[in-house]
1. So, in region 277-309, of the ones that are among the hydrophobic types (A, V, I, L, M, F, W, C) and without any contact (Cβ under 8 Å) to a residue 60 or more places away in the chain, which residue ends up surrounded by the most Cβ atoms within 10 Å (Cβ to Cβ)?
2. Within the group 294, 247, which residue is touching a Gly at 6+ places or on another chain (Cβ under 8 Å) and under 24 Å from residue 188 (Cα atoms)?
3. Would you pick out the residues in region 153-183 that are in contact with a helix residue (DSSP H, G or I) (Cβ under 7 Å, 6 or more places away or on another chain), of a type in the set (Gly, Ala, Ser) and either part of a helix (DSSP H, G or I) or loosely packed, with under 13 Cβ neighbours inside 10 Å (or both)?
4. Just to check your reading of the model, which residue among 101, 48, 84, 93 is aliphatic (A, V, I, L, M), in contact with a Leu (Cβ under 8 Å, 6 or more places away or on another chain), surrounded by 20 or more Cβ atoms within 10 Å (Cβ to Cβ) and in a strand (DSSP E or B)?
5. Assess whether residue 274 counts as being surrounded by 12 or more Cβ atoms within 10 Å (Cβ to Cβ) and either part of a loop (DSSP other than H, G, I, E, B) or within 22 Å of the chain's Cα centre (by Cα) (or both).
6. Name the residues in region 69-81 that are under 20 Å from residue 48 (Cβ atoms) and not in a loop (DSSP other than H, G, I, E, B), would you?
7. Quick one: how many residues across region 15-45 are of a type outside the set (Ser, Thr, Tyr) and surrounded by 15 or more Cβ atoms within 10 Å (Cβ to Cβ)?
Amino acid sequence: MQFISKEDVARRAPYSTLVDALARGLREPIESPPRMHLNPNHDASTVLIMTAWRPGRTMGTKIISIWPGNNAKGRAAVSAVYVLSSCADGTPLAVIDGTELTLRRTAATAALAAQRLARPDSKRLAVLGTGALSAHLAMSHHAVFGLTETTIWGRQFDKAQAVVDALASVGIAARATTDLQRTLASTDLVAAATTATQPFIRSEWVMSGTHLGLIGAFTASMAEAEPALLSRASLFADTRDGVLEKGGEVWQALQCGLIKASDVRAELAELVALAPKVTGRSSDQEITVFKSVGFAALDLIAAEHLLAA
């Protein structure tokens, strides 16, 4: 059995290969039950268990621990471990750093969706948010597009600059800003990953032809973009069921009657199919939105990719 550390995950799964691996993996059947939600201390501390498998091949289980009180102690509030096993004989194959695995598969998924939905000539990227995913989103999109401009937006300039500095260390030039309206007026691609509970992306600020990946807002009570934006855009999802139930902007737009469930044009597996029945962008003026809340099949595909690397 292998132990694959955070550093090993990064080395074995560069975005140049991981994005393609996710596309290939989604073309094959994967089974997955709803995630399990546990409260072992009967308080805000939470354990999520997500599992997926390919019969006769592999099964992966991710255990995610969310301890909000850790922030005050200087410890990580979220951590995860991933166990990959053989479905042929039940043997454990690998224990993987689940935090790094999640960061990389989430960023790669956003880049894969952008590859299918953004204008092919997109050159300017705006990453909204300064958390752990921010630099990963920039790196994954640079692996897919020939970007010439990268902007990191945050409410606090020093946090945005810290992401810029981290990107400089891997050879990506970026600039920091706190001006969201101006940022949205001069970008082709948007990747948002925040824990916002109130929308901060105003519908009228989003220009025609923009592609937005809404990666945060993973519960019905959260939102990064105004739900009204979805009535102007072509909407796509990582999975229909997950986004209709938990995708904040989508759920809220449904409740307000701004969109219908049928307005989700396709989910990611349909977009990457070898013979897709649903096309992505239909014009250069169209606004496309990819809403993601995450699903266990992505972890399994990424873990299989790591083991084969």
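1. Among residues in region 277-309 that are among the hydrophobic types (A, V, I, L, M, F, W, C) and without any contact (Cβ under 8 Å) to a residue 60 or more places away in the chain, the one surrounded by the most Cβ atoms within 10 Å (Cβ to Cβ) is 278.
2. Values: 247 fails: touching a Gly at 6+ places or on another chain (Cβ under 8 Å).
Among 294, 247, only 294 is touching a Gly at 6+ places or on another chain (Cβ under 8 Å) and under 24 Å from residue 188 (Cα atoms).
3. Passing the criteria: only 166.
4. Numbers: 101 fails: in a strand (DSSP E or B); 48 fails: surrounded by 20 or more Cβ atoms within 10 Å (Cβ to Cβ); 93 fails: surrounded by 20 or more Cβ atoms within 10 Å (Cβ to Cβ).
Step by step, each of 101, 48, 84, 93 is checked, and only 84 is aliphatic (A, V, I, L, M), in contact with a Leu (Cβ under 8 Å, 6 or more places away or on another chain), surrounded by 20 or more Cβ atoms within 10 Å (Cβ to Cβ) and in a strand (DSSP E or B).
5. Judged against the criteria, residue 274 is not a match.
6. 69, 70, 71, 78, 79, 80, 81
7. Qualifying residue count, region 15-45: 10.
Here's the yes/no breakdown for (1) at pLDDT 95 or above; (2) among the hydrophobic types (A, V, I, L, M, F, W, C):
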site: 147; (1), (2): yes, yes
site: 171; (1), (2): yes, no
site: 175; (1), (2): yes, no
site: 190; (1), (2): yes, yes
site: 194; (1), (2): no, no
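The values are calculated or read from the model by the stated rules, or taken from the named source; none is laboratory data. All of these numbers come straight from a predicted model, not from anything done at the bench. All Cβ positions, glycine included, derive from the backbone under ideal geometry; neighbour counts span all protein chains shown.
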